[in-house]
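Have a look at the structure below before the remarks.
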Amino acid sequence: YPQFDQSVRQEAAKMAEHYEIFYCLEKTIRKLIAETLESAEPKTWWNPKRIPQVVFTDTEKRIQRERESGMTMRSESPLDYTNFGELGEIIKSNWDVFGSLFDNPRAVEKVLNNLNMLRAPIAHCSPLAEDEVLRLRLSVKDWFRLME
């Protein structure tokens with residue numbers, strides 16, 4: 001698209017690295033949640049008993065909206081329709097199964113909150129400040145450290 005300014009193209013190229021990191025991280029966290037809940041409750045883990053009611057209801061609404069849009073569904077997994085912030089709520093409400101993977105629920109909550117704050121500019125096409133690039137890298141390391 002030649003209509004895009006060169007400066008916007010350059011900014012996008014710089015941001016692509018951060019998007020890739022976050023894309024991989026978010027996909028990894030979603031996979032961890034799905035596999036962990038499925039091992040605890042095979043095939044029936046997506047239910048209001050395991051998923052906080054507000055998250056369950058909001059997600060079902062998002063799925064219905066997408067069905068009604070006439071566009072291709074993004075996924076068959078309802079977990080892919082949750083917001084990033086809701087992933088932390090799912091982990092907290094299922095600490096009985098996630099507690100074996102992580103040491104401390106407050107630490108998980110803190111790291112996920114930091115990541116969620118960093119996700120916003122990446123997802124909404126705003127450049128990351130230099131300090132926030134460092135914070136992103138450290139927060140990703142923090143996430144993986146939680147699982148050691």
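What the table below lists for this structure:
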item: Carbon and sulfur %, accessible surface of the chain computed with the full protein complex present, 1.4 Å; result: 53
item: Selection from Ala120, Val140, Phe102 lying farthest towards where the dipole of the chain points positive, charges on Cβ; result: Phe102
item: Virtual paramagnetic centre 7 Å along Cα→Cβ of Ser126, amide N under 17 Å, in segment 16-31; result: 16, 18-19
item: Against the rule of thumb 2.2 N^0.38 Å, how large the Cα Rg of segment 76-148 comes out; result: 1.19
item: Degrees between helix 53-69 axis and first principal axis of the chain (Cα, 0 to 90, nearest 10); result: 60
item: Size of charge dipole - segment 75-134 - debye, nearest 20, with Cβ of Lys, Arg +1 and Asp, Glu -1, no other charges; result: 120
item: Residue pairs, from the table Lys61/Lys110; Lys92/Lys141; Lys61/Lys141; Lys61/Lys92; Lys27/Lys141; Lys14/Lys61, whose Cα atoms sit over 24 Å apart; result: Lys61/Lys110; Lys61/Lys141; Lys14/Lys61
item: The chain - charge dipole about Cα centre, Lys and Arg +1 at Cβ, Asp and Glu -1, debye rounded to 20; result: 140
item: In sequence order, calculated HN-Hα J values of segment 11-23 (Karplus, 6.51, -1.76, 1.60; Hz; x Gly/Pro); result: 4, 4, 4, 5, 6, 4, 4, 5, 4, 4, 4, 5, 4
item: Residue order for Trp45, Trp95 - accessible surface, 1.4 angstrom probe, largest first; result: Trp95, Trp45
item: Degrees, to the nearest 10: 84-93 long Cα axis against longest axis of the chain; result: 20
item: Sequence ranges 7-18, 127-138, 51-62, ranked by mean other-Cβ count within 10 angstrom, highest first; result: 51-62, 127-138, 7-18
item: For q = 0.13 Å⁻¹, Debye-computed log10 I/I(0) when each Cα of the chain counts as one equal scatterer; result: -0.68
item: Virtual paramagnetic centre 7 Å along Cα→Cβ of Glu11, amide N under 11 Å, in segment 100-135; result: 125-128
item: Probe 1.4 Å, accessible area per residue of the chain, Å²; result: 65
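The values are calculated or read from the model by the stated rules, or taken from the named source; none is laboratory data. Predicted model, so just to flag it, every value in this text is computed and none were measured. Positions of Cβ are generated from backbone atoms using ideal geometry, with glycine treated the same way; all protein chains shown enter the neighbour counts. For the accessible areas, the whole protein counts, side chains as well, though only heavy atoms, and no ligand, DNA or RNA atoms are used. Shrake-Rupley method; radii C 1.70, N 1.55, O 1.52, S 1.80 Å.
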